[in-house]
Amino acid sequence: MIMALNRKLKMGMVGGGPGAFIGEVHRKAAVMDGQIELTAGAFDINPRKSKQMGRQLFLNPKRVYRNYHEMIERELKLAKDERIDFVSVTTPNNWHFPIARDFLKAGFNVMCEKPMTFTVKEARQLRKIVKNSRKVFALMHNYTGYPMVKLARDIVGNGEIGRIRKVIVQYPQGWLSSALEKTGQQQAAWRTDPKQSGASGCIGDIGTHAENLAEYITALKMTHICADLTTFVKGRKLEDDGNCLIRYNNGAKGVLHSSQVSIGEENGLAIWIYGDRKGLEWHQENPNYLYVKEPDGPVQTWCRGNDYVAEKSPAAGRATRLPSGHPEAFFEAMANVYHNFADTIRARMTRKKPDKLALDFPTVDDGLRGMLFIDTFLTSAKSKQKWTKMKK
Ligand code: NAD
């Protein structure tokens, strides 16, 4: 029977308790297009704070749970049309895998924060679970949601810049340039703790965004990495700076650097791509503009919101809400990932084929690439021979 679905999708959330960072961004971004409503949650590792968050959000107290196990158990007892349609996992990294796995196995669609898992082994396991589940799984690499990133991807894809020779991508921050974790600052505390963050600090936290952005725009795959890692802040257990050279599968060369001790830098994610005909440049902190460079001529500035952008890239057009000159940024980019994710879930639930443009969101395969990237980076940094092949 083909179900009609004349209602908003019901969202559940794990993580995003009082004082949390990204859970709040998810809650705002997910509802931006009026297709999703927050219905349930296990918001905090502390059950009392989870309840507090539920009250702050005016949720039905019966749908606010003490932990995610209780959430799965009780949601499954509700009628199919009442229970959540998907869950968003916005906890620190150590929880992503068990939570995503258990919700998928219970029959829920999942939106998961990055890095997808703690280990490559878990990432492979999760990929199998997703493929067998026939549920929709998305990974929140929100930078792929920017319209000008989609435009860049489509300009590369239609061959305009020619054969790619070089990719430079960076993600510098400065907020961990002193031992902020020792002050009890929540986000710094878990990010510098291997038990919650994983084997990597800076590279897992933000280097993976740079890796994902480069592979998303270019459609190239990294094959080898030559890396150098440093922990500059005394007593810190994980690296706070990482730099590497990259070889791509088409012979292109790359440089990726990411740092949390680059004083004065905020979220300086940026990318430069050089083909044999043209170059491209994009900056996350000025995301409404894409620069296109030609050998003999001035730099072109492509501005989000114009018809010429949507004509060149329907994906960028679809990801645009405001006319040019009214800036769109972080919330909107995340909302674009949710938009495509939600449309794909809706199509699945009503047994329709999703719009091709709706399938444009990061998947479990991207999550595995991210974990392989971290693993190769760490192996290379520790090794003597340096150049290390990235597994598939
Ligand atoms: P945070 O410390 O601000 O928030 C984490 C929240 O998760 C807290 O409320 C905590 O109590 C809760 N939590 C922990 N374990 C839980 C559990 N088992 N059940 C329920 N709640 C639990 O952390 P953050 O900065 O928001 O980061 C969270 C995740 O989001 C991380 O994986 C991080 O890598 C990712 N992140 C992604 C982006 C992005 O741009 N995509 C940005 C920031 C963080």
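Things worth noting here:
- Loop GluC sites (Glu not before Pro), region 265-300, which have at most 13 other Cβ atoms in a 10 Å radius of their Cβ (DSSP): Glu266, Glu285
- Counting heavy atoms of the protein chains alone, Arg101 has an accessible area of about 70 Å² for a 1.4 Å probe.
- Alpha-carbon geometry of the chain: the Rg and the Dmax are 20.8, 66 Å, given in that order.
- Built amide H within the under 5 Å cut-off of Leu139, gap 5+: Cys112, Thr363
- Pairs beyond 27 Å (Cα-Cα), from Lys253/Lys392; Lys278/Lys391; Lys131/Lys356; Lys182/Lys389; Lys128/Lys352; Lys150/Lys353: Lys278/Lys391; Lys182/Lys389
- Charge tally around Ser262: other residues with Cβ under 12 Å, Lys/Arg +1 each, Asp/Glu -1 each, net -4.
- Shape category assigned to region 1-125 from the gyration tensor of Cα positions, a/c cut at 1.5: rounded
- Rounded, prolate or oblate (a/c below 1.5 giving rounded, otherwise prolate when a/b exceeds b/c) for region 219-295 by Cα gyration tensor: oblate
- For the chain, the per residue solvent-accessible surface stands at 44 Å², with DNA, RNA and ligands left out and a 1.4 Å probe.
- Classification of region 297-392 by its C-alpha gyration tensor yields an oblate form. The axis ratio a/c (a ≥ b ≥ c) is 1.5 or more, and b/c is at least a/b.
- With Rh defined as the Kirkwood radius, the inverse of the mean 1/r over Cα pairs, the Rg/Rh of region 278-333 is 0.98.
- Ordering of 169-177, 73-81, 116-124 by packing [mean C-beta count within 10 Å, highest first]: 169-177, 116-124, 73-81
- The chain, accessible surface, carbon-and-sulfur percent (1.4 angstrom probe): 53
- Judged by the mean number of other Cβ atoms found within 10 Å, the most tightly packed of the peptides 196-203, 30-37 leads the ranking 196-203, 30-37.
- Note on region 220-304: with charges restricted to the Cβ of Lys and Arg (+1) and Asp and Glu (-1), its dipole about the Cα centre is near 300 debye.
- Debye equation applied to the C-alpha atoms of region 112-236, log10 I(q)/I(0) at 0.12, 0.16, 0.17, 0.19 Å⁻¹: -0.61, -1.01, -1.09, -1.23
- Computed 3J(HN,Hα) for region 188-204, one whole-Hz value per residue from the Karplus formula 6.51 cos²θ - 1.76 cosθ + 1.60 where θ = phi - 60°, is 6, 4, 6, 5, 9, 10, x, 6, 10, 8, x, 6, 10, x, 4, 5, x, glycine and proline marked x.
- In the chain, taking the dipole from charged Cβ atoms about the Cα centre, the farthest positive-side position among Asn249, Ile72, Phe331 is held by Ile72.
- Between the residues Gln173, His224, Val149, the greatest Cα displacement towards the positive end of the dipole of region 106-239, with unit charges on the Cβ of Lys, Arg, Asp and Glu, is found for His224.
- Burial ranking of peptide ranges 179-187, 240-248 (average Cβ count within 10 Å, highest at the top): 240-248, 179-187
- Volume of the convex hull of region 53-158 (Cα atoms only), normalised per residue: 153 Å³.
- Ranked by solvent-accessible area (1.4 Å probe, protein heavy atoms only, all chains present), the residues Leu229, Leu5 order from largest to smallest as Leu229, Leu5.
The values are calculated or read from the model by the stated rules, or taken from the named source; none is laboratory data. These numbers come from a predicted model, not from an experiment. Here Cβ is always computed from backbone atoms with ideal geometry, including for glycine, and neighbour counts include all displayed protein chains. Surface areas here come from the heavy atoms of the whole protein model, side chains and all, with no ligands, DNA or RNA. Shrake-Rupley method; radii C 1.70, N 1.55, O 1.52, S 1.80 Å.
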